[in-house]
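Please treat every number below as a calculation from the coordinates, not as lab data. Owing to the predicted nature of the structure, the values given are computational and were not obtained by experimental measurement. Using ideal geometry, Cβ is built from the backbone for each residue, glycine included, and neighbour counts are taken over all protein chains shown.
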Amino acid sequence: MALNVLVVDDSSVTRMMIIKTLKMAGLPIGETFQAGNGQEGLDQLEENWIDIALVDINMPVMNGEEMIEKVRENPEWQAMPIIVVSTEGSQTRIERLLQKGVKFIHKPFAAETVREVISEITGIDHEPTESETDF
Ligand SMILES: [Mg+2]
């Protein structure tokens, strides 16, 4: 099963980095969709089948927290896995997000962390790399 992924971040460089990381992680990534803010993210969700969303917090127009609230209000998207990828330092805000059933990854992120969190959420393991099959 290939995972369709939505990446929401106001930095196009960060979006590209996240998508590159996902593709290199050995996870079965299907189509990737991008959005520059929460509103565009919601628009992408309306138009496409998305299995998992990676969402920044600080963005213009609509921030990630507002977007996540709207996603969780919609029965169709309620159970969609969301990973917040953010520089957010406020523990209160992070706690509030975790209560909405999202995972949190700190920016800058390690590729390994992204891979682990997605494997954990989906139950899909990555293809072992050569170094891991060596013994
Ligand atoms: Mg941002």
In deg cm²/dmol, rounded to the nearest 500, the helical mean residue ellipticity at 222 nm of the chain, built from -39500 (n - 2.57) for every DSSP H run of length 4 or more, is -12000 deg cm²/dmol
About its Cα centre, how strong a charge dipole does the chain have in debye, to the nearest 20, once Lys and Arg get +1 and Asp and Glu get -1 at the Cβ?
320 debye
Which cross-chain or sequence-distant (5 or more) residues have an amide H under 5 Å from the amide H of Leu3, H modelled 1.01 Å from N in plane?
Ile29, Gly30
Between Ile105 and residues 5 or more places away or on another chain, the pairs with built amide H atoms under 5 Å apart involve Val84, Val85, Ser86
May I ask you to list the trypsin sites (Lys or Arg not before Pro) in the stretch 1-102 that are in a DSSP loop and have at most 15 other Cβ atoms within 10 Å of their Cβ?
Lys100
Does the chain come out rounded, prolate or oblate, given a ≥ b ≥ c as the square roots of the eigenvalues of its C-alpha gyration tensor, rounded meaning a/c under 1.5 and, failing that, prolate meaning a/b above b/c?
prolate
What list of ³J(HN,Hα) values in whole Hz, one per residue of the stretch 80-89 in order, does the Karplus curve 6.51 cos²θ - 1.76 cosθ + 1.60 (θ = phi - 60°) give from phi, with Gly and Pro shown as x?
5, x, 10, 10, 8, 10, 8, 7, 2, x
Lysine-lysine proximity count for the chain, Cα under 24 Å, sequence distance 8 or more or distinct chains:
7
Taking Met62, Met16 and counting other beta carbon atoms within 10 angstrom, the fewest-first order is Met16, Met62
Among Val61, Val71, Val114, the residue with the largest mean-square fluctuation in a Gaussian network model of the chain built from Cα contacts under 10 Å is Val61
What residue among Ile83, Ile94, Ala53 has its Cα farthest toward the positive end of the dipole of the stretch 38-97, where the charges are +1 on Lys, Arg and -1 on Asp, Glu, each on the Cβ?
Ile94
With the 8 Å Cα cutoff and a minimum separation of six or more residues, the stretch 17-135 has a relative contact order in percent of 27 percent
Among Ile121, Ile50, Ile82, which one shows the highest mean-square fluctuation when the chain is modelled as a Gaussian network with alpha-carbon springs under 10 Å?
Ile121
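Filter the GluC sites (Glu not before Pro) in the stretch 30-135 down to the DSSP loop ones having no more than 10 other Cβ atoms within 10 Å, then list what survives.
Glu76
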